[in-house]
1. Any chance you could count how many residues in segment 21-33 are surrounded by 13 or more Cβ atoms within 10 Å (Cβ to Cβ) and either assigned to a loop (DSSP other than H, G, I, E, B) or at positive phi (or both)?
2. Please go through segment 34-45 and pick out each residue that is surrounded by 11 or more Cβ atoms within 10 Å (Cβ to Cβ) and assigned to a loop (DSSP other than H, G, I, E, B).
3. Looking at segment 46-82, which of its residues are in a helix (DSSP H, G or I) and either surrounded by 15 or more Cβ atoms within 10 Å (Cβ to Cβ) or modelled with pLDDT of 95 or more (or both)?
């Protein structure tokens with residue numbers, strides 16, 4: 001695995017999550033101000049171009065911050081930062097997300 005990293009709050013969240021878990025991964029720094037995340041070879045792995053991305057050992061990539069943290073939690077369960085029941089936790093996150101989205105009023 002390796003982490004595609006850059007400036008911004010989402011990459012920082014993943015770096016903090018990794019630091020709390022004691023995870024060290026090879027990192028590739030991308031210049032988002034130079035739009036490196038919006039062109040190949042990065043978009044070949046993560047077509048959306050969002051940052052960060054976690055390249056998996058099988059060649060796939062995760063490009064969403066929450067998905068990256070949940071994947072790392074599953075691979076490195078100690079210390080538990082998300083919960084000990086990942087699928088149940090995911091269900092709770094989804095449920096809370098739906099509640100939050102349905103409570104937004106559009107004016």
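The values are calculated or read from the model by the stated rules, or taken from the named source; none is laboratory data. These numbers come from a predicted model, not from an experiment. Note that each Cβ is placed from the backbone with ideal geometry, even for glycine, and that neighbours are counted across all protein chains shown.
1. Initially, segment 21-33 is screened for residues surrounded by 13 or more Cβ atoms within 10 Å (Cβ to Cβ), giving 21, 23, 25, 27-28, 30, 32.
With either assigned to a loop (DSSP other than H, G, I, E, B) or at positive phi (or both) added as a condition, the list becomes 23, 25, 30, 32.
The number of residues fulfilling the criteria is 4.
2. The first filter runs over segment 34-45 and keeps only residues surrounded by 11 or more Cβ atoms within 10 Å (Cβ to Cβ), leaving 35-39, 42-43, 45.
Across segment 34-45, the qualifying residues are 35, 39.
3. Of everything in segment 46-82, those that are in a helix (DSSP H, G or I) and either surrounded by 15 or more Cβ atoms within 10 Å (Cβ to Cβ) or modelled with pLDDT of 95 or more (or both) turn out to be 65, 66, 68, 69, 70, 71, 72, 73.
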